[in-house]
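The values are calculated or read from the model by the stated rules, or taken from the named source; none is laboratory data. Remember, predicted model here, so these are calculated numbers, not experimental data. Positions of Cβ are generated from backbone atoms using ideal geometry, with glycine treated the same way; all protein chains shown enter the neighbour counts.
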Amino acid sequence: MFTHYKEIWKQKIADAINALLAENGLPETVAASGVVAEIPPQSDMGDLGFPMFTYAKLLRKAPPQIAQAVREKLASGAGSGAAVTVKGPYVNVFLDRAETARELLKEAALGKNGGLGSPGALKGARIMVEFSSPNTNKPLHLGHLRNDILGESMSRIFAACGAKVRKVCIFNDRGVHICKSMLAYQTYGGGASPESEGVKSDHFVGKWYVRFNQMSKEEPGAEEKAQDMLRKWEAGDEEVTALWEKMNEWAIKGMKETYKRTGVSFDAYYFESKTYVLGKGEIAKGLEKGVFYKADDGAVMIDLSAEGLGEKALLRKDGTSIYITQDIGTAIFRHEDWVFDRLVYVVGSEQQHHFKTLFSILRKLGYEWAKNLCHLSYGMVNLPEGKMKSREGTVVDADDLLDSLKEMALQEIKGKEREEAVGDPDEIAEKVALGALHYYLLQVSAAKDMLFNPKESLSFNGNTGPYLQYMGARISSMSRKATLKDGASARPAARAELLSGDAEWEVVKTLLDYNSAIAAAAEKMDSSLMAAYLYSLSKAFSRFYHDCPILNAENPELASARLALSEAALFVLKDALNLVGIPFLDVM
Ligand code: ARG
């Protein structure tokens, strides 16, 4: 793992301060980790700036005086081509551009083997990430697409930092809402199937859920009938079970097709129908331990008012389990199944209270690991036209949205007459659609509600997924051209010292920041930081691309160095796009 120049300089500053402290006979020392490194407001002030205010008290000197003394210390022990200047209370550092560029090319070549793209911040950690987790009564919607890419990208980011990651999904496949689609189908379905209707199987199930809503308005007894069906299901009624199995299979099969399409995958699936019983057992144990109590009506309760969470029922008075019952059982089962250091639940912000309650209960039950449970909560996504509703069947369906994004991308390709150039327009359009969707969804930090604007997401100029894909295609094509011209082996070795212009330098620094960007996204559990990083990379690169001729540079050495820089950018771009679920394209 390489050390970022910022860390190296923080150490140098700490060493200088410590030397000054020792010279003055003062016993204190400072640690490199405590040194503040800033980026000066203007680039002509240096690459790094270190404010000396905090050391005034320790050294009993004014900050500008300390800055001078530190500069002298650094100059005497220098040896590198970096320049150190002082501006008032600041020590400013101009890095040695040639040396830094050389380091960059080395780290880019190492890549995943300890170079760029492999910060070791989470080495050895075992992290389970639960995401998507749909109910099996209707197909995935736009909210799931946000959830899915948050979960998938966080998992990839954790893994990039060296963690062992297990991606899991629970299908909430039991309960009265599932029985509703079953009941409508049983009553009006007449034995139809997704095949007979030519409909994607989860959409077929969803259609019956919508049909139930109509039914419940027209037929007074419908809700009771659904409850009745649930009781039969819990009692193991054969006919109900068979129907449940059939419809669940349809729902799950269809959802898995969507996961495949969006590049989302899981290492394990859990099913509420299996884990809800485990929860019941835990409730009984908790009652014995006195963590829970029985209310007058027979329901099992917990009082969490001391934590501001109020009272919560864990089993109904008739002994049937509640949403949280199964979550208690599932969490314990998962920890036995695959011992984790951390379990992250990617679930909508409307369930914040639920997860606070769940985590608190598991801690009270004495599970040590419960302190490492976290809820990665995210806000609503709507289309600009209107609100996304989940009950009435006016949801923004995930597949439909993907189809229309793809169609829009295809029109764009046709409009530019790029059909032939791109090879398979259909495949490219699909990948552009995914790039547009995922980048747009991840750009906003998870906690915020957002609008998804399909048109904007697909724009080729701006801060979008397709723009980043285009940058990748452009560099790839340049690289191909150069190889065709020279043959890769005939290319002169890149002389990093030629990459010293301002535009090149911005790219060098941005690329070297890649590992810290990944580590920060992992630490803050915020994949929007990766999107922001990609944006800064695209800005730095397009300035370079605009200002500096690459293949047509003044001489072959410069061309080769700039090409090497472009290829380093390509490596980082590809890697980072993967972390946020944007397909890479080498033609577009
Ligand atoms: N299926 C639930 C819903 O649609 C989300 C499940 C979240 N995960 C969990 N372990 N409770 O609201």
**Study point:** Leading residue by the ranking (modelled with the lowest pLDDT) among those in the stretch 375-401 that are surrounded by fewer than 16 Cβ atoms within 10 Å (Cβ to Cβ) and touching a strand residue (DSSP E or B) at 6+ places or on another chain (Cβ under 9 Å)
**Key:** Ser390
Exercise for review: Evaluate the stretch 169-182: report whether one residue or more is over 30 Å from Val572 (Cβ atoms) and away from the ligand (no atom under 16 Å from the Cβ).
Suggested key: yes
Study note, to complete from the structure: Filtering the stretch 208-246 for residues that are within 40 Å of the chain's Cα centre (by Cα) and touching a residue at least 40 places away in the same chain (Cβ under 8 Å) leaves a count of 12
Practice item. Please work out which one of (1) in contact (Cβ under 8 Å) with a residue 12 or more places away in the chain; (2) of a type in the set (Lys, Arg); (3) surrounded by fewer than 18 Cβ atoms within 10 Å (Cβ to Cβ) is the condition Lys431 fails and give its number. Key: (3)
**Study point:** Residue check for Ala447: in contact (Cβ under 8 Å) with a residue 24 or more places away in the chain and assigned to a helix (DSSP H, G or I)
**Key:** no
**Study point:** Some residue of the stretch 216-229 being in contact with a helix residue (DSSP H, G or I) (Cβ under 6 Å, 6 or more places away or on another chain) and under 30 Å from Leu401 (Cα atoms)
**Key:** yes
Practice item. Among the candidates Arg342, Arg363, single out the residue that is away from the ligand (no atom under 16 Å from the Cβ) and at pLDDT 95 or above. Key: Arg363
**Study point:** Given (1) away from the ligand (no atom under 15 Å from the Cβ); (2) among the charged types (D, E, K, R); (3) closer than 23 Å to Ala447 by Cβ; (4) surrounded by 14 or more Cβ atoms within 10 Å (Cβ to Cβ), number of the condition Lys406 does not satisfy
**Key:** (3)
Exercise for review: Please tell me if Thr330 is near the ligand (Cβ under 10 Å from one of its atoms) and either closer than 21 Å to Glu152 by Cα or of a type outside the set (Lys, Arg) (or both).
Suggested key: yes
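Yes/no matrix, rows are residues, columns are (1) surrounded by 15 or more Cβ atoms within 10 Å (Cβ to Cβ); (2) farther than 24 Å from Val35 by Cα:
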{"position": "Lys73", "(1), (2)": "yes, no"}
{"position": "Val84", "(1), (2)": "yes, no"}
{"position": "Lys87", "(1), (2)": "no, no"}
{"position": "Val91", "(1), (2)": "yes, no"}
{"position": "Phe94", "(1), (2)": "yes, no"}
{"position": "Ala98", "(1), (2)": "yes, yes"}
{"position": "Glu103", "(1), (2)": "yes, no"}
{"position": "Gly114", "(1), (2)": "no, yes"}
{"position": "Pro119", "(1), (2)": "yes, no"}
Check your understanding: Restricting attention to the stretch 460-476, which residues are among the small types (Gly, Ala, Ser) and modelled with pLDDT of 95 or more?
Key -> Gly465, Gly472, Ala473, Ser476
Practice item. Residue by residue through the stretch 249-297, note down the ones that are within 26 Å of Tyr367 (Cβ to Cβ), among the aromatic types (Phe, Trp, Tyr) and in contact (Cβ under 8 Å) with a residue 60 or more places away in the chain. Key: Phe266, Tyr269, Tyr270, Phe271, Tyr276
Exercise for review: Can you tell me which residue among Tyr5, Tyr55 is out of contact with any Pro (no Cβ under 6 Å at 6 or more places or on another chain), on the phi < 0 side of the Ramachandran plot, at pLDDT 95 or above and not basic (Lys, Arg)?
Suggested key: Tyr55
Check your understanding: What do you reckon, is Tyr535 aromatic (Phe, Trp, Tyr), surrounded by 20 or more Cβ atoms within 10 Å (Cβ to Cβ) and on the phi < 0 side of the Ramachandran plot?
Key -> no
Study note, to complete from the structure: Cβ pairs under 8 Å, 6+ apart or interchain, first in the stretch 298-323 and on the phi > 0 side of the Ramachandran plot, second of a type in the set (A, V, I, L, M) and crowded, with 16+ Cβ neighbours inside 10 Å, ordered by first then second residue, are Gly310/Leu304
Practice item. Considering each of Phe94, Phe158 in turn, give the residue that is without any contact (Cβ under 8 Å) to a residue 60 or more places away in the chain, of a type in the set (Phe, Trp, Tyr) and away from the ligand (no atom under 16 Å from the Cβ). Key: Phe94
Point to revise | Pairs with Cβ under 7 Å, 6+ apart, first in the stretch 20-48 and over 17 Å from Val84 (Cβ atoms), second acidic (Asp, Glu) and surrounded by 12 or more Cβ atoms within 10 Å (Cβ to Cβ) | key: Leu21/Glu28
**Study point:** Index of the failed condition, Glu417 passing every other in (1) assigned to a helix (DSSP H, G or I); (2) without any contact (Cβ under 8 Å) to a residue 24 or more places away in the chain
**Key:** (1)
Review point. Of the residues in the stretch 345-356, how many are within 11 Å of the ligand (Cβ to nearest atom) and out of contact with any Cys (no Cβ under 9 Å at 6 or more places or on another chain)?
Key: 6
Check your understanding: So which of Gln326, Gln352 ends up being surrounded by fewer than 20 Cβ atoms within 10 Å (Cβ to Cβ) and polar (S, T, N, Q)?
Key -> Gln352
Practice item. Please state which of the following conditions Leu499 fails to meet, knowing it meets all the rest: (1) surrounded by 21 or more Cβ atoms within 10 Å (Cβ to Cβ); (2) closer than 18 Å to Asn463 by Cα; (3) of a type outside the set (Ser, Thr, Tyr). Key: (2)
